[in-house]
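Colleague: Let me give you the structure first, and then I'll get to my questions.
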Amino acid sequence: MKEIRIGIIGTGIIAHTHARDYAKLPGVKIVAACDLQKPKLEKFCGEYGIENQYTNFREMLGRDDLDSVDVCLHNNLHAPVAVEVLRSGRHCYCEKPMAGSYTDAAVMLKASKETGKNLHVQLAQLYTAETQAARRFIAAGLLGEIYHARSYGYRRRGRPFVDGYAEKEFDSKYWASGGALYDMGVYHISQLLFILGLPKAERVSGQVYQKLDMHEGRRKEGGFDVEELGVGFVKFAGGLTMDILESWAINAAEFPPSMVAGSKGGLSLGSEPVFTSEIAGYPAVTKLDLAKEVYRTHKIDPGLAVYDNSIAHWVAGLRGECQLYDTKHIALDTMLISEGIYQSGAKGREVTADEIIHDSVSSYIREQETGFGLLKYEI
């Protein structure tokens, strides 16, 4: 088994999740990590036994023993850093969302194509049992003609930092560009685009909100200027539609799960999916036992484990053990829809896909003042 050697840029919350996932895989070693904050870097490397530490990611990219570099930074640093990773001749695994704007994400895709290096975006919902079940149901024709989908994500009170967890940069347009849509909506929108076979979005309408009270000290410290709720509606080629409701915080009871509706049947997603259909003319509801089917199929074919989570899938792809999901195109189309909601809200009307692309403005951070000097990023 070929050893896969990983470098990680950024040692915040999500880097710990990635490091734990890498540790579960045989023949994978994190050989280097980079962070501008040296104490944080030292603690991270000590926890995971990482020998080589860097405060300048370009120095880390000078190593000749890295198979893949994992970008675990805030959204508006994804594009410039990922592009440099790709141009250094390394494959790149990048956290979600793909970038802070559609136009920056498109530059990342272009860099991947120009360098011939893989760019993979962390889209966790693509690997869940309910996603796999939905794809099987659709492939078997059980839903018939699919005409509508629903992308829902619910938190009653779950705004990063101001509600008590995570880093304040999540609440800042400077660092993150957006709030609930970019942080959590990306998972649910991308899941449905994957299930539906990546339909072409033609028109988007929507609105974002920040209306609820929050701890004033935390608001001031975090500079909260992103949305806590995003709502949208998408029209795809061929007449397919999708509604979107993504909440960090809302005064409402829990939302129903995301779903897909077809002429022959419908599927509600979540940990306990439900298939609705007609049997001999009677409306019927079928509950799916995902756990038993996952157990059975994995016992019969242990190779299916490469589709169990994003990191395992990425490493298997690097080894040539599976064909990687096309996450960069799924993530780019997710960016198109999310940014379309922002643009629609700002313009007060529905926007076309061409408008979204034309009016998308780069948001990546060009330069950053740090204790280690002024870092400049160009793509």
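The values are calculated or read from the model by the stated rules, or taken from the named source; none is laboratory data. What you see is a predicted model, and the numbers here were worked out from it, not measured in a lab. Cβ placement follows ideal geometry from the backbone for every residue including glycine, while neighbour counts extend to all protein chains displayed. When the accessible area is computed, the model is the full protein with side chains, heavy atoms only, and any ligands, DNA or RNA have been set aside. Shrake-Rupley method; radii C 1.70, N 1.55, O 1.52, S 1.80 Å.
Colleague: In whole Hz, with x marking every Gly and Pro, tabulate ³J(HN,Hα) for the range 251-268 from phi via Karplus 6.51 cos²θ - 1.76 cosθ + 1.60, θ = phi - 60°.
Modeller: 3J(HN,Hα) across the range 251-268, in whole Hz: 8, 7, 5, 4, 6, x, x, 4, 7, 10, 10, x, 6, 9, x, x, 10, 8.
Colleague: Let me ask you something else. Between ASN251 and ARG58, with labels modelled 7 Å along Cα→Cβ, what's the label distance in nm to one decimal, could you check?
Modeller: For ASN251 paired with ARG58, the spin-label model returns 5.1 nm.
Colleague: Right, next: Take the Cα coordinates of the range 44-164, assign each an equal point scatterer, and use the Debye formula without solvent to give log10 I(q)/I(0) at q = 0.18, 0.21 Å⁻¹.
Modeller: Here log10 of I(q) over I(0) equals -1.07, -1.17.
Colleague: What's the local net charge at PHE137, with K and R +1, D and E -1, over the other residues with C-beta under 13 Å away?
Modeller: Within the 13 Å Cβ shell, the charges total +1.
Colleague: Moving to a separate point now. Which whole-angstrom value gives the distance between the alpha carbon centres of the range 251-317 and the range 196-237?
Modeller: That distance is 26 Å.
Colleague: Return the percentage of antiparallel bridges among DSSP beta bridges fully within the chain, rounded to the nearest 5 %.
Modeller: 60 percent
Colleague: Using just the helices of the chain, give the 222 nm mean residue ellipticity in deg cm²/dmol: DSSP H runs with n ≥ 4 each add -39,500 (n - 2.57), and the total is spread over all residues, rounded to 500.
Modeller: -10500 deg cm²/dmol
Colleague: Out of the total accessible area of the range 138-269 (probe 1.4 Å, heavy atoms of protein only), what percent is carbon and sulfur?
Modeller: 51 percent
Colleague: Which value in Å does the Kirkwood hydrodynamic radius of the range 83-141 take, with 1/r averaged over all unlike C-alpha pairs and then inverted?
Modeller: 13.1 Å
Colleague: Something else about it: Please list, in order along the range 16-28, the HN-Hα scalar couplings obtained from phi with the Karplus expression 6.51 cos²θ - 1.76 cosθ + 1.60 (θ = phi - 60°), rounded to whole Hz, x for Gly and Pro.
Modeller: For the range 16-28, the Karplus curve yields 5, 4, 4, 4, 5, 5, 4, 5, 7, 9, x, x, 10 Hz.
Colleague: So what is the accessible area of the chain per residue, in Å², with the probe set to 1.4 Å?
Modeller: For the chain, the per-residue accessible area is 45 Å².
Colleague: Okay, moving on. Could you work out the Rg to Rh ratio of the range 267-379, with Rh taken as the Kirkwood radius (inverse of the mean 1/r over all Cα pairs)?
Modeller: 1.15
Colleague: Using only alpha-carbon positions, what ratio does the radius of gyration of the range 157-282 give when scaled by 2.2 N^0.38 Å?
Modeller: Relative to the 2.2 N^0.38 Å estimate, the range 157-282 comes out at 1.26.
Colleague: Further, regarding this structure: Based on the Kirkwood radius over alpha-carbon pairs, what is the Stokes-Einstein translational diffusion coefficient of the range 55-98 at 4 °C with 1.567 mPa s viscosity, in µm²/s?
Modeller: 123 µm²/s
Colleague: Also, I was wondering about something else. Listed here are the pairs LYS43/LYS220; LYS264/LYS328; LYS96/LYS173; which of them are more than 25 Å apart at the Cα?
Modeller: The pairs that break the limit, which is 25 Å between Cα atoms, are LYS43/LYS220; LYS264/LYS328.
Colleague: Would you mind working out the magnitude of the charge dipole of the chain relative to its Cα centre, with +1 at each Lys and Arg C-beta and -1 at each Asp and Glu C-beta, to the nearest 20 Debye?
Modeller: 420 debye
Colleague: Against the globular-protein guess of 2.2 N^0.38 Å, express the Cα radius of gyration of the range 99-215 as a ratio, rounded to two decimals.
Modeller: Here the answer is 1.27, to two decimals.
Colleague: How large is ³J(HN,Hα), in whole Hz, for each residue of the range 232-243 in order, when computed from phi with the Karplus curve 6.51 cos²θ - 1.76 cosθ + 1.60 and θ = phi - 60°, using x for Gly and Pro?
Modeller: Going residue by residue, I get x, 9, 10, 10, 9, 4, x, x, 5, 10, 8, 9 Hz, with x marking Gly and Pro.
Colleague: Taking K and R as +1 and D and E as -1, what net charge do the other residues with C-beta under 15 Å from the C-beta of ALA305 add up to?
Modeller: In short, -1.
Colleague: Can you give the local net charge around LEU245? Use residues other than it whose beta-carbon is closer than 14 angstrom to its beta-carbon, Lys and Arg +1, Asp and Glu -1.
Modeller: -2
Colleague: What are the residues whose amide H is under 5 Å from the amide H of VAL28, where those residues sit 5 or more places off or on another chain and H is modelled from the backbone?
Modeller: When sequence neighbours closer than 5 places are left aside, the close amide H contacts are ILE4.
Colleague: Compare HIS358, HIS188, HIS215 by solvent-accessible area with a 1.4 Å probe and give them largest first, with all protein chains kept in place.
Modeller: Greatest to least solvent exposure: HIS358, HIS215, HIS188.
Colleague: Now for a separate question. Using amide H atoms built 1.01 Å from N in the peptide plane, name the residues 5+ places from HIS91, or on other chains, whose amide H lies under 5 Å from its own.
Modeller: VAL69
Colleague: Then there is this: Is the shape of the range 3-112 best called rounded, prolate or oblate, per the rule: a/c under 1.5 gives rounded, else a/b larger than b/c gives prolate, else oblate, with a ≥ b ≥ c the square roots of the Cα gyration tensor eigenvalues?
Modeller: prolate
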